[in-house]
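Novice: One structure, pasted below without further comment.
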Amino acid sequence: RRYGRDRYARWIHQAHTSLYVPRAKSGRQRARRHLFGFGGRAVGQYDTYLIDDDGRDFLGRGRFNLTPEETLRGRSFLRHRQQWGNGWETIAELGYISDRDFLEQFFEEEWDRDRVPHTGLRLRRTQGSQLLDLAINARVNDFFQETERLPSLHYYGIGASIFERLTWSVHHEASYKRLKVADAPINPAVAAQTATLPGEVDREGLVARTRQEISAPLDLGPFRFVPFAIGEAAYYGEGTDGQEVTRLWAGGGIRANLPFVRVDPSIQSALLNIRGIAHKGSFNAEYFYADSDTDLDDLPLYEPLDDDAQEQFRRFFTFNTFGGTLPAQFEPRTYALRHGIQRHVTSPSDTVVDDLQQLRLGLDNRWETKRGLPGRDRIVDLFRFNIDTLLFPNADDDNFGETIGPTWYEAQYNLGDRFALLSDGYADFFDEGLRTVSAGIRTSRPGQGDAYVGLLSIEGPISATVLRASLDYRLNEKWIFSGGSTYDFGEVGSVGQSFGLTRIGESFLVQVGGTADFGRDNVSIGFKVEPRFLPSELGRLGGIFVPPTGFDGLE
């Protein structure tokens, strides 16, 4: 697949099979009506790669020239989702990887972007706003932290009406969970600079809990107020100290919303492509208070907040940046807590609960205009700007001494249907808090190509200013050019460049390309062959794949 490394490899087997060939114009897989005559709609994918590797891994700072933990390396992924009718469906997943560094070395984009599959089976039934979910899974990759469910049963009921005045939501769980910590790296030098994650401890036991919320929506003129109360009773067979934990917590508050609209058809500009302006917006506010009889550190992190790639990065980041101990300001648990993860009945991590008091303020804005031919005009977004901030009355306990908490914004100005200016930002105001701002230009023509140029500035525990650019463009009926570049204006300099030239054949897409990853001292040249009837990576232009030709995509 790649050449140019200090690597001598013999490819033994390579298979990439999509179980469900057809795709929609958006590039997503279209579900089949059934699979081999069984059940209803189904969608899934299977991937297997295997390599006999005699070379070295180059994974960046502190992990150059590493001997792989295994000689015979590879991965096998399976995802399958099958509907059976009457609301029932099954979700099966298989995720085997030979060693902790395989994906990062050979499939870095997939490693950084996609969720690493685990191994398990789920049976679910949806009926209206209710969901019954039975799941079982086992860890097969010992080098990643994972919680096994042996099994777990969840019931969700969302938005039930009581006397047509109250809204009730509930989440019940009964599970047996086993949290398994990640095995240490075999390489002693790598193991010495690998930190343990917060909440990572070997524990197992019964988990039984119920979390419920009741609210009372109330309209007063243009305002909508929603007083609410939420609470949970939970039992954990083993806490952080190995003893059983019974936790009770309760909270509540009020949400408020004020929408507004103003229309001015007199604003006209042929130059700016504006025919009237409609400003639609809403003020949002929420006060939330919670009190728990159990501290955040009393429970292991049975439900992780990050995927395996982020956890593995954080192990090295913690050692290289903080000397092995991650400060509370940068812990995933405290980050999620400050953002109010416990406010939700459907919170993805039930153990992230603690005392909290916060006020959330937000302003959403959208300016619309009309575009198109007379009589066939349509309403489009001209400009969007949204901003949110969190305030903490008890700043010393809840936000490291700062009353103003996380604040973020996003903005998009659409000059035309295919050209947009983009920007977003985030800020924490305590010492060395994360501050990011990005701005860029994006243009997209479905089926023809897309391009992006943007600048990202990061300040906090690390500082960087990065220029990013990418281009996919169909030169003519037979050729597609793809390229990308990332440049750090700091001491790192050039981070990486890539290019590819794809030939569009009758039945296949063939690409020759190369990458230069200077951070890993790696230059590579490679080629890819992809059937047009089985699209995966090549030929995506403006969000649309190059369509197959002929009967069933074959010529």
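The values are calculated or read from the model by the stated rules, or taken from the named source; none is laboratory data. Worth saying up front: this structure is predicted, and the values here are computed from it rather than measured. Please note: Cβ atoms are built from the backbone with ideal geometry, for glycine as well, and neighbour counts cover all protein chains shown. Note: accessible area is taken over every heavy atom of the protein model, side chains too, but ligands, DNA and RNA are not part of it. Shrake-Rupley method; radii C 1.70, N 1.55, O 1.52, S 1.80 Å.
Novice: Determine the share of the range 409-486's accessible area contributed by carbon and sulfur atoms, expressed in whole percent, with a 1.4 angstrom probe.
Specialist: On the range 409-486, the fraction of accessible area on carbon and sulfur atoms equals 58 percent.
Novice: Within 10 Å, count the other beta carbons around each residue, average over each peptide in 106-114, 48-56, 308-316, and list them highest first.
Specialist: On the way: 106-114: 14.9, 48-56: 17.0, 308-316: 19.0.
Ranking the peptides 106-114, 48-56, 308-316 by packing returns 308-316, 48-56, 106-114.
Novice: With θ set to phi - 60°, apply the Karplus curve 6.51 cos²θ - 1.76 cosθ + 1.60 along the range 339-352 and write out the HN-Hα couplings as whole Hz, x wherever there is a Gly or Pro.
Specialist: Calculated HN-Hα couplings, in order: 7, x, 4, 6, 5, 9, 4, 9, 3, x, 9, 6, 7, 7 Hz.
Novice: For the chain, report the accessible area per residue in Å² (1.4 Å probe, heavy atoms, rounded to an integer). It would help to have the intermediate numbers written out before the result.
Specialist: Working: 28930 Å² over 555 residues.
Accessible area per residue: 52 Å².
Novice: Could you give the radius of gyration (one decimal) and Dmax (whole number) of the Cα atoms in the range 149-220, in Å?
Specialist: Rg and Dmax of the range 149-220, Cα atoms, are 20.9, 65 Å.
Novice: If a/c stays under 1.5 just call it rounded; otherwise compare a/b with b/c (prolate if a/b is bigger, oblate if not). Do that for the range 39-146, with a ≥ b ≥ c from the square roots of the Cα gyration tensor eigenvalues.
Specialist: Working: a/c = 2.99, a/b = 2.63, b/c = 1.14.
Prolate, because a/c is 1.5 or more and a/b exceeds b/c.
Novice: With all protein chains present and a 1.4 Å probe, how do 215, 536 order by accessible area, largest first?
Specialist: Numbers: 215 10, 536 35 Å².
Descending accessible area places them as 536, 215.
Novice: Additional query: Could you give me the ³J(HN,Hα) list for the range 249-262, computed from phi with Karplus coefficients 6.51, -1.76, 1.60 and θ = phi - 60°, whole Hz, x at Gly and Pro?
Specialist: After applying 6.51 cos²θ - 1.76 cosθ + 1.60, I find 8, 9, x, x, x, 8, 10, 9, 9, 10, x, 8, 9, 9 Hz.
Novice: Here's a follow-up. If you rank 47, 377 by how much accessible surface each has, with a 1.4 Å probe, what is the order from largest down?
Specialist: Details: 47 15, 377 65 Å².
Descending order: 377, 47.
Novice: Pull up the cross-link candidates among the aspartates and glutamates for residue 280, meaning alpha carbon to alpha carbon under 15 Å and not fewer than 8 places away within one chain.
Specialist: 264, 364, 368, 381
Novice: With charges set only on the Cβ (+1 for Lys and Arg, -1 for Asp and Glu), what does the dipole of the range 129-241 come to about its Cα centre, in debye to the nearest 20? If you can, show how the numbers build up before the last one.
Specialist: Values: 10 positive and 15 negative charges, 49 e Å.
It works out to roughly 240 debye.
Novice: Could you give the size of the charge dipole of the chain about its Cα centre, using +1 on the Cβ of each K and R and -1 on the Cβ of each D and E, expressed in debye and rounded to the nearest 20?
Specialist: Values: 64 positive and 78 negative charges, 660 e Å.
Result for the chain is approximately 3160 debye, rounded to the nearest 20.
Novice: While we're on this one: Here are some values of Rg/Rh (Cα atoms, Kirkwood Rh): [x] 1.06; [y] 1.02; [z] 0.96. Which one was computed from this structure?
Specialist: Here the calculated entry is [z].
Novice: Express in whole angstrom the spacing between the alpha-carbon centres of the range 80-103 and the range 320-356.
Specialist: 28 Å
Novice: Taking θ as phi - 60°, what are the ³J(HN,Hα) couplings along the range 493-501 by the Karplus curve (6.51, -1.76, 1.60), each to the nearest whole Hz, with x for Gly and Pro?
Specialist: x, 5, 8, x, 10, 8, 8, x, 10
Novice: Near the amide H of residue 532, under 5 Å away, which other amide H atoms are found, from residues 5 or more places off or on another chain, if H is placed in the peptide plane?
Specialist: The answer is 508, 509.
Novice: If I ignore ligands, DNA and RNA and count only protein heavy atoms, how much of residue 442 is accessible to a 1.4 Å probe, in Å² to the nearest 10?
Specialist: Number for this one is 120 Å².
Novice: Separate question: On the accessible surface of the range 140-190, probed at 1.4 Å, how many percent belong to carbon and sulfur atoms? Display every interim value, and only then the final one.
Specialist: On the way: 1620 of 2600 Å².
Reported share for carbon and sulfur atoms: 62 percent.
Novice: How far is the Cα center of the range 512-539 from the Cα center of the range 281-311, in Å?
Specialist: For the range 512-539 versus the range 281-311, the Cα centre distance is 39 Å.
Novice: Return the long-range amide H neighbours of residue 140 (sequence gap of 5 or more, or a different chain), with a cut-off of under 5 Å between placed amide H atoms.
Specialist: For residue 140, whose amide H was placed from the backbone, the distant partners under 5 Å are 119.
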